[in-house]
Structure formats: structure tokens, C-alpha cells
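Engineer: Handing you this structure, nothing more for now.
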Amino acid sequence: MVSRFTTFYRHIVEEERKYPEATGQLSDLLADIALACKVISLEVNRAGLIDILGFTGEENIQGEQVKKLDVYANDVLTNVMKQGGHICAVCSEEEENFIPIDDKFTENKYVTNKYICHFDPLDGSSNIEVNVSIGTIFSVYKRVTSSGPGALEDCLQKGIHQVAAGYVIYGSSTVLVYTTGKGVHVFTLDPSVGEFLLSNENVTIPKKAKTFSVNEGNFCKWSGGMKKYVSYLKEIDSETSRPYSSRYIGSLVADFHRNLLYGGIFMYPADNKNINGKLRLMYEANPLSFIVEQAGGKSSDGNKRILDIEPKSLHQRTPLFIGSSDEVTLIEKYLSEDL
Ligand code: AHG
Ligand code: MN
Ligand code: MN
């Protein structure tokens, strides 16, 4: 039975206390992220009321048009991170380069900031104006350099080196999901007290899927294996409960969250126009892959484990197949037979 009053901060502090060598920096850092997301949540909820919707006219590093809420979410997260004093660099989908942060000077000495954070400040931003769920995705690594402002090698680590990852969905309620490598835990924001309260501990994803999430509008651009797999999902077969239901929101966090709770597979494959798919390894694929594995699921680029990919650049894209383990294994088989 989950206690009604386990706050996010209490949960992470209790987790960290199990490790005597822990300094508390990670708990404080995660609390800072939660604070930033509460501020973003407020603004997302007010977005229809104030003149914040619409384009700023600028383009982000991905060559997409930036909307005001993306800019706002990015500013909140980067500012909170700079002030918090636990990270030596922040990397964001909305920033071309990482932002290095120097060690903090307190009590007459420099204290080394141990961590790096990666953010997709606002995921699903094409849905902002139509009241569909959007979210923030975050990921934390330990620095590999020893001190001072972070360097590119701190920022470009394989996903297996994440020490924490999570996301916040701004939906019918605001929900925070996180892992520090010891299970996946879900919190719901109680707006009356302004706290994320524990709603589900040690979530596991069903092994088999009942739904699939993919932008089927791209069907004609897919490989033969991908086409065959999606056609297979739509065939009638009572033994394997096919056809599966199709559910695609177009906000990765929201599609992922539904599949995490009910079982399902999310796919954003490579196609003949985008040979590396659309989604970003560091900001989207790695954090969700860490979470899905912690929940007993699986994540792949169609050929290998996402968390084992050696990143070459901050904004690198990757095909993504993520969710119930049986389904991810099956799509890998379909794709390999296509070769
Ligand atoms: P972002 O808003 O951070 O750029 O991410 C958008 C992503 C993701 O949330 C979603 O799954 C995908 O784009 C949808 O892409 P399509 O519109 O091509 O289906
Ligand atoms: Mn995104
Ligand atoms: Mn985004």
C-alpha cells in the first residue's frame, strides 16, 4: 500500500540514504528538476489563457520552428540547473552546444559539480496548441572529467552510464516518472499542495503488447521488414490477440507512458528520407530506454540496444523501437530478415 504522503523529494532522499557514500547532490539535483517542471506545468496550464502560443519565428538546432513554450521550458530548466550548483554542464535539445557550468565556490573552497543533465524541455511541442499532452524528458550522468566546467566528453556518454532519468507529462494531471536504476516510480502533482506525491512504485511493463504506436502516414517510406511487421500486427489471429490496437498521440512521452502502463510498442523507424529516424539519442531515446529497461521492457534501434550506442554528437538521431520486450524482440527479427 502506497503512503499518500510520500513526496518525490522524500522518496529520492530515502533511496540515496541506502548508499553511505552518497553526498546528496543527486537528490538535490532531481529536486531542482522537479521544481523546474512544476513551473513549466503551471505555464503549460495557462498557455491557453495568455498570449504565449504561436511561433517565435526562430528555428532550433533541429531546423524546426521553435514555439514560445519550448523556449520558456528551456529557459526555466537551464536557469534552475545553473543556480542549483550540482551539474558541470547542461545539454538541451533546444541548444546547439552544451552549456558548461563552473564548480561552485562555497565556504572558501570550490566544490566540484559531479553531474551532467540532458533535457528535451518540451516533447510533443506540435501538440501545444491543441491541448494534447506534452512533456519534459531528462537524463543525468556522472562527469568523467575531474573538475571545472564540463567538457564534451562528459556530455557524450553511452546511455548505460545514466545515473537517473525521467519525464514529466503535462496531461490531465501532471505526472513525474523517474528511475535511478532501482525501479521505476510514478508521482502525481497535487496542485493544492504543490508536491509530486508517490502514486505507483516499481512499475513494470507487460511483456506482451496489445497496442502499437507509430506514424503510419510514413508507411510508403519504410523498409520491407517494417511494413511486414506492421501488417502482421493488423492481421486477425486469436491466439496472439491480433489485431493490436493502434494508438499514436505524436507526443513521445505520452505514447511511451501509456505503453509503459498497459503494454505496447512505440516505433519511430528509419525511412528512406530519414535514414537515422527522427528522435534524438541523448534527449529522447536514452532516458526512455533506461526507464523501460528498469521496468522490464526493451529498447532497440532495430538492431542493437539503444543504451549501448556510442554517441558521436549531441543532437544525433536514432531509429527507436521501445516497449514490451516480446514485441521489440520480434521487430528486430523482422528488420534483420529484411537485410
Ligand atoms: P519534439 O516536440 O521534442 O521535437 O519531439 C517530437 C517528437 C515526439 O514527441 C513524437 O513522438 C514525434 O516527434 C512525432 O513525430 P511525427 O509527427 O513525425 O510522427
Ligand atoms: Mn521530443
Ligand atoms: Mn522538444
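Here, each number is a calculation from the coordinates, and none is a lab measurement. Just so it is clear, the structure is predicted and the values come from calculations on it, not from any experiment. Using ideal geometry, Cβ is built from the backbone for each residue, glycine included, and neighbour counts are taken over all protein chains shown.
Engineer: Please order K278, K333 by the number of other Cβ within 10 Å, starting at the fewest.
Structural biologist: So the residues, fewest neighbours to most, are K333, K278.
Engineer: Please work out the Cα center distance from the range 215-238 to the range 282-320, rounded to the nearest Å.
Structural biologist: That distance is 22 Å.
Engineer: Which of the aspartates and glutamates could be linked to K228 by a straight reach, that is with a Cα gap under 18 Å, when you skip same-chain ones fewer than 8 residues away?
Structural biologist: E216, D237, D271, D301, D326, E327, E332, E337, D338
Engineer: For the chain, what log10 I(q)/I(0) values come out of the Debye formula at q = 0.08, 0.15, 0.16 1/Å, with one point per alpha carbon and no solvent?
Structural biologist: -0.37, -1.31, -1.47
Engineer: What number do you get for the range 216-288 when its Cα radius of gyration is normalised by 2.2 N^0.38 Å, N = residues?
Structural biologist: 1.20
Engineer: Right, something else. Taking 32 Å as the cut-off for C-alpha to C-alpha distance, list the pairs among K221/K298; K142/K333; K18/K278; K68/K298 that go past it.
Structural biologist: Distance filter (> 32 Å) returns K142/K333; K18/K278; K68/K298.
Engineer: Using Cα positions and a limit of under 18 Å, work out the aspartates and glutamates in reach of K104, with same-chain residues fewer than 8 apart set aside.
Structural biologist: D28, D32, D154
Engineer: Using just the helices of the chain, give the 222 nm mean residue ellipticity in deg cm²/dmol: DSSP H runs with n ≥ 4 each add -39,500 (n - 2.57), and the total is spread over all residues, rounded to 500. Walk me through the intermediate numbers first.
Structural biologist: Details: 8 runs with 96 residues, N = 339.
Result for the chain: -9000 deg cm²/dmol, rounded to the nearest 500.
Engineer: In addition: ³J(HN,Hα) across the range 127-133 via Karplus (A = 6.51, B = -1.76, C = 1.60, θ = phi - 60°), whole Hz, x for Gly/Pro?
Structural biologist: My calculation for the range 127-133 gives 9, 4, 7, 10, 6, 9, 4 Hz in order.
Engineer: On to the next question. For R305, R143, which order do you get if you count the other beta carbons within 10 Å of each Cβ and list the fewest first?
Structural biologist: Placing the least packed residue first, the sequence is R305, R143.
Engineer: Calculate the spin-label point distance for V193 paired with Y232, positioning each point 7 Å from the Cα along the beta-carbon direction, and give it in nanometres.
Structural biologist: 4.8 nm
Engineer: For the range 8-200, state the semi-axes of the equivalent ellipsoid (square roots of 5 times the eigenvalues of the alpha-carbon gyration tensor), sorted largest first and rounded to whole angstrom.
Structural biologist: 27, 21, 14
Engineer: Now for a different question. For K234, list the lysines whose Cα falls under 17 Å from its own Cα; do not include residues on the same chain fewer than 8 positions away.
Structural biologist: Result set, ordered by chain and number: K208, K210.
Engineer: Continuing with the same structure: Which values, in whole Å and largest first, are the semi-axes of the equivalent ellipsoid of the range 211-338 obtained as the square root of 5 times each eigenvalue of the Cα gyration tensor?
Structural biologist: 21, 17, 13
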